[in-house]
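Q: What follows is a single structure, and I will ask about it in a moment.
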């Protein structure tokens, strides 16, 4: 069975500094996708970044980058130049293999990030 | 802007009184999902529609039902809400050809 593990329940970072949120995954599939979502206190889930298992380059989206280490089965999120608005819960997630109509997201337990001024 | 809309944002119901949550989307996505998220937990998939095909998760209680009358709308019906059903309910959509799910703002359900 697929599994996502986020070992950091909570983290602090100083404003303008970079922070890494850890995510490891377990799957026996060759084709898979990894996502990071941000959930502010308002509750909405905001898509941040996606990495496919066959993508050779690490994904980047603005201040977000995904440090994908396939052999180690890790997909850490790096946020550069943290802002106060980055304070939120962050979820790492994985999808089931493509082509399966019952595809769904499997989420980790989340990391709560607090940015200090 | 194209988006996923959930109404209402906050819903209060009484124990045992049926309640319906609504999700609509302007993205024209053919897949729609309903997730339940309890406090300090990760979202848990209840069911999803791939076009008109309904897919129920094995551990979703019978108390939870869903309807999708057209591409744009999907409803979550809770027939007899219990105190344990108090949670955030999240709707998400995606196209059948891509991987990313886009979420609505959620409906926070309180059961008294």
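Q: Can you tell me which of (1) surrounded by 15 or more Cβ atoms within 10 Å (Cβ to Cβ); (2) away from chain B (no Cβ under 13 Å); (3) at pLDDT below 95 is the one residue A:96 doesn't meet?
A: With respect to (1) surrounded by 15 or more Cβ atoms within 10 Å (Cβ to Cβ); (2) away from chain B (no Cβ under 13 Å); (3) at pLDDT below 95, residue A:96 is out only on (2).
Q: Could I ask something else about it? Which is at negative phi and within 14 Å of another protein chain (Cβ to nearest Cβ), of A:14, A:6, A:57?
A: On inspection, the qualifying residue turns out to be A:6.
Q: Run down B:30, B:63 and say which single residue is surrounded by fewer than 19 Cβ atoms within 10 Å (Cβ to Cβ) and closer than 19 Å to residue B:109 by Cβ.
A: B:63
Q: Do you know which of the residues in segment B:37-53 that are loosely packed, with under 13 Cβ neighbours inside 10 Å and over 14 Å from residue B:96 (Cα atoms) is modelled with the lowest pLDDT?
A: Result: B:40.
Q: Does residue A:109 satisfy the condition of being under 26 Å from residue B:33 (Cβ atoms), assigned to a loop (DSSP other than H, G, I, E, B), within 14 Å of chain B (Cβ to nearest Cβ) and within 13 Å of the chain's Cα centre (by Cα)?
A: Judged against the criteria, residue A:109 is a match.
Q: Can you tell me which residue among A:35, A:12 is within 14 Å of the chain's Cα centre (by Cα) and part of a strand (DSSP E or B)?
A: The conditions single out A:35.
Q: Is segment A:56-72 home to any residue that is more than 27 Å from residue B:89 (Cα to Cα) and touching a helix residue (DSSP H, G or I) at 6+ places or on another chain (Cβ under 9 Å)?
A: Yes, segment A:56-72 contains at least one residue that is more than 27 Å from residue B:89 (Cα to Cα) and touching a helix residue (DSSP H, G or I) at 6+ places or on another chain (Cβ under 9 Å).
Q: Consider residue B:106 carefully, then state whether it is under 17 Å from residue B:42 (Cβ atoms) and either in contact (Cβ under 8 Å) with a residue 40 or more places away in the chain or surrounded by fewer than 16 Cβ atoms within 10 Å (Cβ to Cβ) (or both).
A: yes
The values are calculated or read from the model by the stated rules, or taken from the named source; none is laboratory data. Everything quoted here is computed from the prediction, not taken from an experiment. For neighbour counting, all protein chains shown are included, and Cβ atoms are generated from backbone atoms with ideal geometry for every residue, glycine included.
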